[in-house]
Amino acid sequence: MRYLQQNLVSEFGVSGQDRLNKAKVLIVGAGGLGTPVATYLAAMGIGTIGIADFDIIQETNLHRQFAFTPTDIGKRKTEVLSTMLRKQNPDIKVYCHEVALISENAADILREYDLICDCTDNVNTRILLDKICSVLNKKLLYGAVRGWEGYVTVLHGKALIGLTDVFNDSDLLFESQNNCSVSGVISTVCGIIGCHQANEVVKIILGVESNLDGAIFCYDGLSNTSRIFRLKK
C-alpha cells in the first residue's frame, strides 16, 4: 500500500518497485542537495542508502537543509539524517560513512553501491568521485547549486562523459572559489535540483533512458527557465 500510487505508473509496477528495493545508492554530501535526494529516495523505497559526510550541523545550514532543526546544531549530519530516514521508511537500510572521502578510502566505499550521487560542494571531492566512478564503471549523478542557479548531469553513462568533459580547469577553479558558502544559495533551488537528481536515480534504476546521459540540465530560478545542453567528449 505504501508504494501503490507510484506502482500505478506504467514505467513502474511491482517489478519496478522490486528494482528499487534491490538498489544501493550512495549520497555524497548531506547538505542542501543531499537532504532532498535522500528524503525522496527513502520515501520511494530505495532498499539501501549510504550517506557520506563528515560535517556537523551549523545554524547557517537550517534555511535549506530541512532534515535538521535548531536542536540538532553541533550534531553529525549523517547521524541526524539517517535517523530521520529510518523513521520515514523502516523497511530500508541506511548506512553512514562519517569520513572525508580521499583517495585511500573512496574506492572501497563506492564499490559497495550501484549509483553515486554527487551532492557535495567540494571540488576536490567532485574530482575524486569522477575518477573513481570512471575506474569502477559506475554512473555518477552530478548536482550543483549556486545563488539562483542549478545544474544536473549523468556522468559515466552510455555517453562516457566525465567531469572534465563538462568543465575545464578554470571552471573547476571558479567553482572552488565561489561555492555556496561564498556566493550564497537559494533554498528552493537546492530542492529543485535535488529532486531532479533523485528523479534521474529512479529512472536509471528502472531502466528508463536518461536524457541527461550526455547532456546537462541548467536551471535559472530568477527567470524560472531551464535548458538542456548536449555534451561531447
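The values are calculated or read from the model by the stated rules, or taken from the named source; none is laboratory data. From a predicted model like this one, the values you see are computed outputs, not experimental measurements. Don't worry about glycine lacking a Cβ; one is built from the backbone with ideal geometry, like all the others, and counts go over all protein chains shown. Quick note on the areas: whole protein, heavy atoms, side chains included, nothing else; ligands and nucleic acids left out. Shrake-Rupley method; radii C 1.70, N 1.55, O 1.52, S 1.80 Å.
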Notebook entry, point to check: Restricting attention to the stretch 207-218, does a residue exist that is surrounded by 14 or more Cβ atoms within 10 Å (Cβ to Cβ), aromatic (F, W, Y) and either under 23 Å from I127 (Cβ atoms) or at pLDDT below 95 (or both)?
Noted result: yes
Next item on the list: Quick one: which helices (runs of 4 or more DSSP H) lie wholly within the stretch 127-223 and hold at least 3 residues that are touching a residue at least 40 places away in the same chain (Cβ under 8 Å) and closer than 26 Å to I109 by Cβ?
Entry: 169-177, 187-206
Next item on the list: For I27, state whether it is among the aliphatic types (A, V, I, L, M) and within 16 Å of the chain's Cα centre (by Cα).
Entry: yes
Check: For D72, which of the numbered conditions (1) surrounded by 14 or more Cβ atoms within 10 Å (Cβ to Cβ); (2) under 20 Å from the mean Cα position of the chain (by Cα) fails to hold?
Finding: (2)
Next item on the list: Have a look at R19, R76, R86 and point out the one that is in contact (Cβ under 8 Å) with a residue 60 or more places away in the chain and over 16 Å from I116 (Cβ atoms).
Entry: R19
Notebook entry, point to check: Inside the stretch 35-69, can you point out the residues that are under 20 Å from V201 (Cα atoms), open to solvent by 20 Å² or more (accessible area, probe 1.4 Å) and hydrophobic (A, V, I, L, M, F, W, C)?
Noted result: A43, M44
Notebook entry, point to check: Is there a residue being over 24 Å from N199 (Cβ atoms), assigned to a strand (DSSP E or B) and more than 13 Å from the chain's Cα centre (by Cα) anywhere in the stretch 53-64?
Noted result: yes
